[in-house]
Amino acid sequence: MATEKTDVVIVGMGAAGGILAAELGKAGMKVIGLERGPRLATADFSALDELRYFQRQDLRPNAKRQPVTWRPNAKARANPLPILNYGNQAGGGTVHYGAISWRFHEDDFRSRSQTIERYGASAIPKDCSLIDWPLTYADLEPFYDRAEYELGVSGRAGNLQGRKIEGGNPFEAPRRREYPLPPLMADQSGVIFAAGARKLGYHPFSSPRAILSQTYQGRPGCTYCGFCQAFGCHIGAKSSILVTKLPEADATGNFKLLTGTMCYRVKSDNSGRVTGVSYWGSDGSDNTIEAELVILAPFIYDNTRLLLLSKTAKFPNGLANSSGQVGKHLMAHIGARVFAAFDDRFVNIYMGPNAQKHSLDDCNADNFDHSGLGFIRGAQISITPADLEGGPIGAAMSMNPPPGVPRWGAAYRDFLSKYFARYAAIIAQTDNLPYADQTIDLDPNVRDQWGLPAPRLTYDWRRPNELARVEFLLGKLEELGRAMGATHVWRSPLGAGAPGAHHEGGTRMGSDPKTSVVNRYGQSWDIPNLFIIGSSTYPSMSGFNPTLTIQALAYMSADAIANRYKNKPGPLA
C-alpha cells in the first residue's frame, strides 16, 4: 500500500474541484486531486463523433460499470438508471455540458422566507423540507463575478447595479459589471422564440453561456459547429475546467493530479478529525493519502456515498451525519416540454450551442403572482432541440410525434423526414421543492465494478405542488408555440417520476447543525477539516442550471480556506 502526504486532498476534479485546486495551490498549499476518469486534451475531441459521445455517452460514467439505481418510493424495487448525466474525466461535467451559466435570483436563496412573506406559511406543502440558504445573493455576487471573468462567460446584463438594461434579463439580480463577453449569436429558433415571446408580453434574452463569443484569454471564440452538449469542445471555446482552472493549478507547482483513481473511503481518527482518503489506483493497487484537509467535490451521488461508506465506531451513521441529514432532500429539474413544428419554414436547431438557446424568466421563481395557483416557485423557459445533443439521431429517439402519428412505420418515417429540420422544443425547467423522503442511500442489492454498493435514489417528482406547476407551465409553452407561428403544437409525455437533470441535495448547507450537514462554506458541522463542495449542498433549487453557482461557491470556499482556515484551522463563522 502506497502512502502520500499533502496539505489538501480533493476528491473530484470537476466544476468545484478544479477551482479549489487552482486557488489553494496559488495560496501555497500542496494539493493532490483524485479523478476517477482520464485527463483528456482539446485535441481528443476533434473527431466530433456522435456515436461515441451521444450514443455511447463516452464522457459520462458507464451506467453498467458504475450504476446508480432509482425507485419511486421506499416500497418499490430500485432499477439502474440507463444514462448518468455527469462527468467521468478531469473537468467533470464541464467538459461535455451545455455550458449554460446562470446566477440564481435573490429570492432563490430565501425561497422559504419569500413564500411566507408573500403568501403565508400554508403555501408551502406540509411535507416539504424547504429552508433558506445560510447566505444571500449579495454574499455570493463577488464570486459570481469572479467565475464569469476568470472562466469566460458570454451574455448580456439585464440589471447593472439596479439599472435595467434592454436586451438582458430584467428579472436578474443586480450585478456589478457587464459580462466579460457579448452574447453568442442567436440562431433561427432563438429569433422565432423571441418574436413569439414578445407578442405575449414576455422578456426574451440570449441565454448566458460559458462559451466564448470571441477570442478571450488566448482561446478562440465559438464556431457554432453544433457539437456542444455531450461533446468536448474541439477548439477550446467552451470554458470547461479542463481548459481554464486545471492549467492554472498546474502552473502553481503545488498541484498533483492522479487520474484513474477510485476513492472508496474518507479516513478519520478517534479525535473526530478526518486524516485523509483511501483509493484504488488504475492498476488495482490500494493507496492512502494523508492530508490536513479533505475536500469532497465529486457529483452528489459520490459525495453522499463516500460519507455513508466511511462510518466508524465514532461515526456509526457515516461521516458528517450527526444531524441524520446526509442523503436527504434530493432535488432534480423536470422539463415540462412542448414541441412546435412548422410547415412554412426550416428551423436550424443544429447550429451552434444547443442547450437553452434563448430564454425568458417571466415564469421563474417568484417573478409572477402565485396567488390561487396551487403551487409555489416556477421555471426558466427556453427553446432547444428535442434532445439536447443527438442531432437528427436524438430527434428520432426523443421527439414523440403529435397525436395521430404512430412511432413506427411509413407514417413515422414521413413525419421525421419532414419535421426534423422544421421543429423545436420549448422547455420549462422547473424549480422543484425538497422533501426529506427524497433520498440517496446505498443500494443493498446492486454493486459497481469495484464491489461498492451503488447509490440508490428514492424520488418521485409527481407531488401536488409540482404537478400543478407543470400543468400551468405546459399551458404557457403551448401559448408560446402558437405565438411563434407553429403549424403543430403538442405536449411531450411527463414520464414516470424519475429525477431529471441537475441533481442537487444530499449534504445540504444551513445555519443550524441539527437540520443541515455543512455551513455556508461547505465545511462539515461535525468535522472542521472536512469540506463538501458542489450542488449536493444546495438546500433548495432554482429554475436555473446549477453550475455557475457551484463555481461561485467553490471560489467562496477557497477564499475562506486560503485566507482564514489556513492560518487558523477550525470552524469558519
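For segment 30-45, indicate whether the set of residues that are assigned to a helix (DSSP H, G or I), buried (at least 23 other Cβ atoms within 10 Å of the Cβ) and β-branched (V, I, T) is non-empty.
no
Only one residue in L258, L212 is on the phi < 0 side of the Ramachandran plot and surrounded by fewer than 22 Cβ atoms within 10 Å (Cβ to Cβ), so which one is that?
Working: L212 fails: surrounded by fewer than 22 Cβ atoms within 10 Å (Cβ to Cβ).
After applying the criteria, what remains is L258.
Yes/no per residue for (1) of a type in the set (K, R); (2) assigned to a helix (DSSP H, G or I):
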| residue | (1), (2) |
| --- | --- |
| R156 | yes, no |
| E166 | no, no |
| A173 | no, no |
| R177 | yes, no |
| L184 | no, no |
| S189 | no, yes |
| I192 | no, yes |
| A195 | no, yes |
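Checking the condition farther than 25 Å from R52 by Cα and crowded, with 24+ Cβ neighbours inside 10 Å, which residue from A249, A230 passes? It would help to see each step written out before you state the result.
Numbers: A230 fails: farther than 25 Å from R52 by Cα.
After ruling out the rest, the residue left standing is A249.
Taking segment 87-133 only, how many residues are assigned to a loop (DSSP other than H, G, I, E, B) and within 21 Å of Q438 (Cβ to Cβ)? Working first, answer last.
Applying the first criterion (assigned to a loop (DSSP other than H, G, I, E, B)) to segment 87-133 yields 87-91, 96-99, 101-106, 120, 124-127, 129-133.
The next check asks that each one be within 21 Å of Q438 (Cβ to Cβ); those that pass are 104, 124-127, 129-133.
Qualifying residue count, segment 87-133: 10.
For segment 416-477, which strands (runs of 3 or more DSSP E) that fit wholly inside it have 1 or more residues that are closer than 11 Å to A336 by Cβ?
Numbers: elements: 423-430, 439-447, 453-458.
Answer list for segment 416-477: 423-430.
If a residue must be part of a loop (DSSP other than H, G, I, E, B) and either surrounded by 24 or more Cβ atoms within 10 Å (Cβ to Cβ) or at pLDDT below 95 (or both), how many such residues does segment 198-209 contain? Don't jump to the end; show me each part of the working.
Looking only at segment 198-209, we keep the residues that are part of a loop (DSSP other than H, G, I, E, B), and these are 200-204, 207-208.
Filter once more, so that each one left must be either surrounded by 24 or more Cβ atoms within 10 Å (Cβ to Cβ) or at pLDDT below 95 (or both): 204, 207-208.
Qualifying residue count, segment 198-209: 3.
Please count how many residues of segment 63-79 are within 21 Å of the chain's Cα centre (by Cα) and touching a residue at least 60 places away in the same chain (Cβ under 8 Å). Show your work before the answer.
Taking segment 63-79 as the starting set, the residues that turn out to be within 21 Å of the chain's Cα centre (by Cα) are 63, 66-70.
From what is left, the residues that are touching a residue at least 60 places away in the same chain (Cβ under 8 Å) are 66-70.
The total comes to 5.
Under the condition of being among the hydroxyl-bearing types (S, T, Y) and over 14 Å from Y301 (Cα atoms), which residue from segment 84-100 is surrounded by the fewest Cβ atoms within 10 Å (Cβ to Cβ)? Full working, then the answer.
If we filter segment 84-100 for residues that are among the hydroxyl-bearing types (S, T, Y), which is where we start, we get 86, 94, 97.
From the residues that got through so far, the ones that are over 14 Å from Y301 (Cα atoms) too are 94, 97.
Values: T94: 27, Y97: 29.
The residue in question is T94.
Okay, residues lined up against (1) crowded, with 21+ Cβ neighbours inside 10 Å; (2) under 22 Å from the mean Cα position of the chain (by Cα); (3) modelled with pLDDT under 95; (4) not in a loop (DSSP other than H, G, I, E, B):
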site	(1), (2), (3), (4)
G481	yes, no, no, yes
A486	yes, no, no, no
P499	yes, yes, yes, no
S511	no, no, no, no
P528	no, no, no, no
Q551	yes, yes, no, yes
A558	yes, yes, no, yes
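Just name the residue that is farthest from G12 (Cα to Cα) out of those in segment 63-89 that are in contact with a helix residue (DSSP H, G or I) (Cβ under 8 Å, 6 or more places away or on another chain) and at pLDDT 95 or above.
Quick first cut of segment 63-89, residues in contact with a helix residue (DSSP H, G or I) (Cβ under 8 Å, 6 or more places away or on another chain) only: 68, 85-87, 89.
From what is left, the residues that are at pLDDT 95 or above are 68, 89.
Numbers: V68: 17, Q89: 9 Å.
Out of the qualifying residues, it is V68.
With the requirement that a residue be more than 21 Å from the chain's Cα centre (by Cα) and either at pLDDT below 95 or charged (D, E, K, R) (or both), what does segment 135-161 give you? Show your work before the answer.
Here is the first cut: in segment 135-161, the ones more than 21 Å from the chain's Cα centre (by Cα) are 138, 156-161.
Within segment 135-161, just R156 meets the criteria.
Within segment 180-218, can you find the residues that are closer than 27 Å to E150 by Cβ and in contact with a Gly (Cβ under 6 Å, 6 or more places away or on another chain)?
If the condition is that a residue be closer than 27 Å to E150 by Cβ and in contact with a Gly (Cβ under 6 Å, 6 or more places away or on another chain), then P183, F205, P208, L212, S213, Q214, T215, Y216 are the ones that fit.
The values are calculated or read from the model by the stated rules, or taken from the named source; none is laboratory data. This one's a predicted model, so the numbers in the text were calculated from it and none came from an experiment. Positions of Cβ are backbone-derived with ideal geometry, glycine not excepted, and every protein chain shown enters the neighbour counts.
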